[in-house]
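A.B. asks: Sharing a structure with you now.
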Amino acid sequence: MEWSEELSSGLLQAAPDAIVVMDEGRIVLVNDRAEEIFGWPRAELLGKHAHVLLTDGARDTFPEELKLSGKERPPGPVGTVALQVRRRDGSEFPAEASLAVAGLPGGRVAVAVVRDVTERHQLMAEAHSHRSQRLEALGQLAGGIAHDFNNLLGVIVNYANFVIEEAESPTPDVATIAADARQVIKAGERGTGLTHQLLKFARREVIRPQVLDLNEVVAEVEGLLRRSIGEHISLITRPAASLPPVTCDPGQIEQLLVNLAVNARDAMPSGGNLVIDTANSHLSPGEHAELASGDYVRLRVSDSGRGMSPEVIERAFEPFFTTKPNHEATGLGLATVYGIVTQAGGSVSLTSEPGLGTTVTVLLPVSQGTEAEPESANEPADTGGHGETLLVVEDEAALRDVAGRILSGAGYRVLAADGGTEALRLAALHEGAIDLLVSDVVMPGMLGKELAERLSDVRPDTRVLYMSGYAQPVLASQGTLDPGVALLEKPFTAEDLLAAVRKRLDG
């Protein structure tokens with residue numbers, strides 16, 4: 001291709017950024033993009049000083065760059081500056097200018113390549129706003145956790161003291177001790193429920209998905225829902241015929257339904273209707289902002305309550321956001337629903353108007369598998385030990401003692417360690433077989449997964465059971481357990497621990 005003045009002009013006009021050429025500060029050449037972003041016709045712009053394109057602040061900040069001329073600088077790049085520029089109509093926008101000196105046959109000129117960065121600034125502002133919102137939500141989350149757990153700890157500590165006082169009295173009342181101990185257990189169970197809600201919201205909960213019929217889950221939980229909402233509210237279920245299966249944790253779907261039902265109940269203090277219906281749904285390409293095209297199952301929960309304002313709808317899924325009076329709600333209901341649905345690969349949306357009720361719509365992807373047998377069918381009938389040796393590893397001393405006491409009392413031989421290093425030392429000293437490693441997942445110094453791998457190198461026949469309230473280090477990317485991993489979630493009862501150990505030993 002032969003280089004020509006016509007080709008040079010074509011390349012100049014095709015440039016995606018504005019190009020402004022200055023001689024002694026006066027504009028001598030601009031391209032089409034410069035006319036477009038500054039709003040000046042080329043004929044009017046030529047000959048004017050470059051100051052007309054700058055705000056007063058930009059003139060004061062970058063005077064040297066604006067005085068560029070062939071007499072002042074050698075040819076070559078000068079640098080890139082950020083500045084505020086002005087259009088012909090007086091409006092302003094942020095820009096980024098790359099400055100250079102060009103040597104021409106008739107002398108040297110200054111060249112500015114100017115890029116409009118308005119969109120970049122908007123994205124940065126949005127990101128900053130999102131970070132601020134996340135920090136605000138985190139503050140609400142921390143405050144809510146502190147409030148609720150402080151209440152629970154107050155109950156536990158004081159009722160535990162009641163138990164001690166009564167047990168040490170001259171004439172202890174066994175019934176009083178038992179009643180107070182039950183209050184401790186009840187508070188602990190409430191704390192367990194709150195922890196699971198938080199983990200679901202944070203998408204850190206261990207899920208055990210299976211292929212299931214959503215209609216069956218709705219039918220199974222219907223009785224519980226009727227008791228939860230009260231007789232003043234009519235519960236209506238409308239299951240779709242021939243509903244395809246979905247892959248979800250049934251316990252999570254049950255919790256989702258309970259949370260939505262309780263929210264609906266609170267929105268209908270004088271009574272009303274709560275409708276739960278299911279249907280088939282197909283999304284075309286581009287129809288949904290969050291989901292790919294394909295087949296989905298729709299679960300819809302609608303109430304005839306007082307509804308929500310647009311401002312409330314906008315914040316409805318935030319953690320610990322609630323419109324209820326203080327101490328009446330944690331504000332985790334819809335946040336938990338959101339965590340459950342998104343973890344299952346679906347989406348949840350909310351429509352509502354004041355006085356016209358609220359509808360929550362959940363879309364879950366259709367599964368290609370077949371329904372599985374309930375996990376409970378595989379629970380061992382005999383949970384006692386038969387002299388097997390267990391290596392129990394837990395860095396929390398009190399919990400380690402609890403686990404050892406339960407397992408020893410059930411007929412197991414227990415080797416107890418406070419961490420990975422101690423566990424490996426005990427394993428090296430023990431001459432017989434170690435049938436099962438029961439290890440915490442998150443421990444200082446060595447995670448449970450690393451301990452299991454190192455123990456497997458020297459004792460390949462030792463099976464592994466993890467126990468944890470935060471199992472992310474042994475979870476796959478979707479929150480499910482890695483293949484072959486067995487996990488007992490904390491807090492656990494003696495029955496939970498013995499059943500999990502026996503099941504793991506029996507393979």
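The values are calculated or read from the model by the stated rules, or taken from the named source; none is laboratory data. The structure displayed is predicted, hence computed values, not measured ones. Don't worry about glycine lacking a Cβ; one is built from the backbone with ideal geometry, like all the others, and counts go over all protein chains shown. Each accessible area value is taken on the protein alone, full model and side chains, heavy atoms only, with ligands, DNA and RNA left out. Shrake-Rupley method; radii C 1.70, N 1.55, O 1.52, S 1.80 Å.
Listed here are the residues, each with its yes/no results for (1) over 18 Å from L363 (Cα atoms); (2) modelled with pLDDT of 90 or more; (3) open to solvent by 40 Å² or more (accessible area, probe 1.4 Å).
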{"position": "L199", "(1), (2), (3)": "yes, no, no"}
{"position": "A202", "(1), (2), (3)": "yes, no, yes"}
{"position": "G230", "(1), (2), (3)": "yes, no, no"}
{"position": "P245", "(1), (2), (3)": "no, yes, no"}
{"position": "P250", "(1), (2), (3)": "no, no, no"}
{"position": "I253", "(1), (2), (3)": "no, no, no"}
{"position": "N273", "(1), (2), (3)": "yes, yes, yes"}
{"position": "T278", "(1), (2), (3)": "no, yes, no"}
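A.B. asks: Does L152 count as touching a Lys or Arg at 6+ places or on another chain (Cβ under 8 Å), surrounded by 14 or more Cβ atoms within 10 Å (Cβ to Cβ) and at pLDDT below 90?
C.D. replies: Yes, satisfied.
A.B. asks: With (1) touching a Ser or Thr at 6+ places or on another chain (Cβ under 9 Å); (2) modelled with pLDDT of 90 or more; (3) open to solvent by less than 40 Å² (accessible area, probe 1.4 Å); (4) of a type outside the set (F, W, Y) as the list, and R300 as the residue in question, which single condition is left unmet?
C.D. replies: All conditions are met except number (3).
A.B. asks: Here's something else I'd like to know. Looking only at segment 214-225, count every residue that is closer than 14 Å to Q255 by Cα and without any contact (Cβ under 8 Å) to a residue 60 or more places away in the chain and tell me the total.
C.D. replies: Selection size over segment 214-225: 8.
A.B. asks: Among the residues of segment 98-109, what is the count of those that are in contact (Cβ under 8 Å) with a residue 24 or more places away in the chain and within 16 Å of L54 (Cα to Cα)?
C.D. replies: Of the residues in segment 98-109, 1 are in contact (Cβ under 8 Å) with a residue 24 or more places away in the chain and within 16 Å of L54 (Cα to Cα).
A.B. asks: Sort out which residues of segment 455-497 are closer than 22 Å to E388 by Cα, in a helix (DSSP H, G or I) and either open to solvent by less than 30 Å² (accessible area, probe 1.4 Å) or modelled with pLDDT under 85 (or both), and write them in order of number.
C.D. replies: L455, L497
A.B. asks: When only residues in segment 26-74 that are part of a loop (DSSP other than H, G, I, E, B), modelled with pLDDT of 80 or more and of a type in the set (G, A, S) count, which is nearest to S91 (Cα to Cα)?
C.D. replies: G39
A.B. asks: Which one is farthest from P491 (Cα to Cα), of the residues in segment 146-197 that are under 42 Å from the mean Cα position of the chain (by Cα) and among the hydroxyl-bearing types (S, T, Y)?
C.D. replies: This residue is Y159.
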